[in-house]
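A quick write-up on the structure given underneath.
What follows is calculated from the coordinates using simple rules that are stated; it is not laboratory data. Source: prediction; values computed, not measured. All Cβ positions, glycine included, derive from the backbone under ideal geometry; neighbour counts span all protein chains shown.
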């Protein structure tokens, strides 16, 4: 196999700070390399240089060679002698919101191939036919806002393979799409790679790509290569301490029963015949109970109904039928003022950025529940605030910083700090690891577990990842197509899944045993 | 599209109904027996019914039908607004495009801030002074223009108010264009499509320019509002016998019926321009080429 | 932040600082007008009529032999004070009420938004002239403030994102509407009050001076920059200083207020 890409001593400096130092890599035709690192590790800078999209402010050193051409300074932009295709993440909104996906991707393929638009669309259609997911050109004749992220990801993958590239640059291409979708898309990518023989440079902060694609993994930290080696070796634990810590966040299911103390006390949340789909009656509704200190996960893919169910349980939406009793009180028959008093004992930790008010400061966000619900002195409030911020690792941050300036990881932890001071009876946790890289996921899992152990609230977890469900809850309800399909202790569900939807969810987080498979995909 | 147009139509209807109600309330002040809340409201209701019958009453000053007065004066004002609008586009569009380039904007910002901070009447007087001193044009700031004029004289007398209104409108045009351009510049799709392989010019032409134009067209309401405000001042400064001048004089002389009609005319112009601007902007934004 | 972003941020900060410094100097001029001016307000026959700027009269004299520098200082003082009064009314009735109304029950909030939106669509100058005509010229600052209020209301109202996710989650955890309102007001005014006040000042200063120019604002013998410029209309073609310096003073006031508010070039205050 010939070299398709050779990078020598690449360095990138931005605003006087080195973001990538002495990076060297050789990639052969048909080979794949996963560049793994947290935010700020330098992987984005690497992608910018290889893709030819450096900022004017980047100072680039080192050389780069594509295919058979001569090595040239990496700072020099120019048309590379090989076909390079860029595969972005649909959640990064790479397409214009006011034109259809089909028209934009058709134009991209036509441009890259130098062919007429009609042929490009035909190539796209053929590429879509080869991919799973049932996405058709007719479906793509819609604006990005009207299309779900997984369909857009499939479309982007089809556009990539329609270009018959020599090298594919995957830019966190499948991050946060849900474990099932990630598994499906990575398998499809691997298939296309085998079929077309392109080299793959996959830049990611997540662990699914190295685990599923195998091959070579380069671990970056603070702009330097920490480790480089075969995925099997690194995942197997024979690795640098930092790499081992990164891979701790890998989804792992276990069949061991949790050592947590069993649920005690009175029922905290009782749901009777709650139906959350229009046109259904209480006969089709769901009945369950969550005791104080217990934990329940609502598991399912996007659109499975778990969010609709949660909104019905918490009273955001009025359900067609059913009754919800929280702490022995039917919330829906209370006045707004009384219901508000009950709701004080509920906390939310949400995996999106918009659950916190971006105008508020860090300290105000944590103190607000204390100020609003309790008549505490300023010193006492400050004490609780500091204690909560210390528990989540935000105590050193400037308290007057607006929430809008924080990173996703900081905001996620801030939500936990706000929950801590509220001393809730129930914590609703919705996709808590969304948008976080591997390192942040590990820390976040620990923060949530510590919160649960220290204060003992009941956990109601909403996720599409069974491994996250298992890490944070003991029992689960599995949803598919708006219906509850399975329920029980998570360990029992894993041992004997009854429904195909459950089996699919298990499969999505069951990573291949790379020791049994060929070295490179 | 239909849903959007319907929403805007409701907005327009609410605005026009509101304007009619306000006009009726103002016109009712002129009623001789409208003292006290109940008689006043009754008078206002009567006025509303009259408006519905297209009976706009008479001017308290001249005694002539109000509609006739408006019909006599409005064309001059509308012409000033329209001509001013053309000047606004001719000046504002290139400026807006230039200033969407950040470096140029930063360099020109101090001068632009000074120019746009100048009140319209000061700008009008400054233009008149410049025309008088440098071009030796006759100006009408102190005496109204009477009698038939030769074409070149008519042009000179009309140019200054039109320029005054146009420059006020140009400030609004360049701002709307710049805002639309900067909104697009922050969008992630520009980076995304570039990385996917499209050229910068192609992205601008196919995806950015239509949105910028749509943004500008959507701001038609704001622009017309700026033109109308400037027209009131320009007609007063340059002694033009238009509807805006009529409004000022009607208020000064307590001719409330006339005041109400003129106010409604201007409000209706602003609402209608806003409606068509928003709908056209929506259509343009959604018809972007693929 | 990129270099371009930093330059932009620096320019914005410098603009604001310039604006507030200018307003500070205007405030000093307002308070010391009587001291700084060579002659009391309206004192005629100080010099010859329509004398060009000279050492004796830095800004020249007007048609009645008044010192234009003194008159400009008095006029600036009066205009600034009236504009300040109007601006405070615009803030109270507009920004503050708008922020509060954003949290009213939906139907009431919608009605208020529509009502204020209708008035915001009419040029504030028209509303001011109408209101002064209905009342009296004495109330010009108040009417100008009320006329500027609808736009301020609409802006503040629209900033209150009642359907925002964070407000929804806050309510779901028992945070009362009053706490959310307090949150809005705290951050609205902590972040925006000074800018909103400067913006209102710019708007009212323009409206008031234009109204005075048209004959609806201050009445003689009150000193007002708009009034001064209106009076200079008959003589300024021959004696430019009679209108230029009052216009310059007005420009300085409006420009400083706009810069302090962080308004973009051509943005309606």
Across A:352-359, the residue-averaged tally of Cβ atoms belonging to other chains within 10 Å stands at 5
For the range B:1-145, just say rounded, prolate or oblate: build the C-alpha gyration tensor, square-root its eigenvalues into a ≥ b ≥ c, call rounded for a/c under 1.5, and beyond that prolate if a/b exceeds b/c, oblate if not.
oblate
In whole angstrom, how far apart do the alpha carbon centroids of the range B:173-248 and the range C:131-177 sit?
26 Å
Relative contact order computed over chain B (Cα-Cα under 8 Å; 6+ residues apart), in percent:
31 percent
Provide Rg and Dmax in Å for chain B, with only Cα atoms included in the calculation.
22.6, 75
Once you average over the residues of C:214-223, how many Cβ atoms of partner chains fall within 10 Å of each Cβ?
2
Rounded to the nearest 10 degrees, the helix B:243-252 long axis (Cα) sits at an angle to the longest Cα principal axis of chain B of 50 degrees
With an 8 Å Cα cut-off and a minimum separation of 6 or more residues, compute the relative contact order for the range B:212-290 in percent.
53 percent
Footprinting exposure proxy for A:63, A:39, C:242 (fewest neighbouring C-beta atoms within 10 Å first):
A:39, A:63, C:242
Here the averaged projected area of the range A:327-422, based on the convex hull of its alpha-carbon atoms and given in nm², is 6.9 nm²
Using only the alpha-carbon atoms, how far is helix C:124-134 inclined from the longest principal axis of chain C? Give it as 0 to 90 degrees, nearest 10.
70 degrees
Would you order C:264, A:9 from fewest to most other beta-carbon atoms within 10 Å of each residue's own beta-carbon?
A:9, C:264
Quickly estimate the mean residue ellipticity at 222 nm for chain A, helices only: each DSSP H run with n ≥ 4 gives -39500 (n - 2.57), and the total goes over all residues, rounded to 500.
-11000 deg cm²/dmol
Round to a whole angstrom and tell me the spacing of the C-alpha centers of the range C:250-265 and the range A:154-171.
52 Å
For the range C:140-196, what is the largest minus smallest coordinate of the Cα atoms on each principal axis, given in angstrom and ordered from greatest to least?
48, 19, 16
How large is log10 of I(q)/I(0) for chain C at q = 0.08, 0.11, 0.12 Å⁻¹ when the intensity is taken from the Debye formula with one equal scatterer per alpha-carbon?
-0.40, -0.69, -0.79
If you take each beta carbon of peptide B:170-176 and count the beta carbons of other chains within 10 angstrom, what is the mean?
3
Most packed first (mean Cβ within 10 Å per residue), the peptides A:333-341, B:72-80, B:97-105 order as B:72-80, B:97-105, A:333-341
Contact order normalised by length for chain A, with contacts defined as Cα pairs under 8 Å and 6 or more residues apart; what percent is it?
16 percent
Rounded to whole Å, sorted largest first: equivalent-ellipsoid semi-axes of chain A, Cα gyration tensor:
43, 28, 22
Please say if the range A:267-509 is rounded, prolate or oblate, where rounded means a/c under 1.5 for a ≥ b ≥ c the square roots of the C-alpha gyration tensor eigenvalues, and otherwise the choice is prolate for a/b larger than b/c and oblate otherwise?
oblate
Taking a ≥ b ≥ c as the square roots of the eigenvalues of the Cα gyration tensor of the protein assembly as shown, is the shape rounded (a/c under 1.5), prolate (a/b larger than b/c) or oblate?
prolate
Reduced to Cα centres, the span from the range B:78-153 to the range B:1-52 in Å works out to 36 Å
re the range C:204-269: pairs of Cα atoms spaced beyond 18 Å account for a percent value of 41 percent
Burial ordering of A:327, A:475, fewest other beta-carbon atoms within 10 Å first:
A:327, A:475
What order do you get for B:194-206, C:64-76 when each peptide is scored by the mean count of other beta carbon atoms within 10 Å, highest first?
C:64-76, B:194-206
So the FRET efficiency between residue A:333 and residue A:371, C-beta based with R0 = 30 Å and rounded to 0.05, is 0.55
Please determine, in degrees from 0 to 90 and to the nearest 10, the orientation of helix C:241-261 with respect to the longest principal axis defined by the Cα atoms of chain C, where the helix direction is its Cα long axis.
20 degrees
Sorted from largest down, give the three principal axis spans of the alpha carbons of the range A:151-222, whole angstrom values.
34, 25, 19
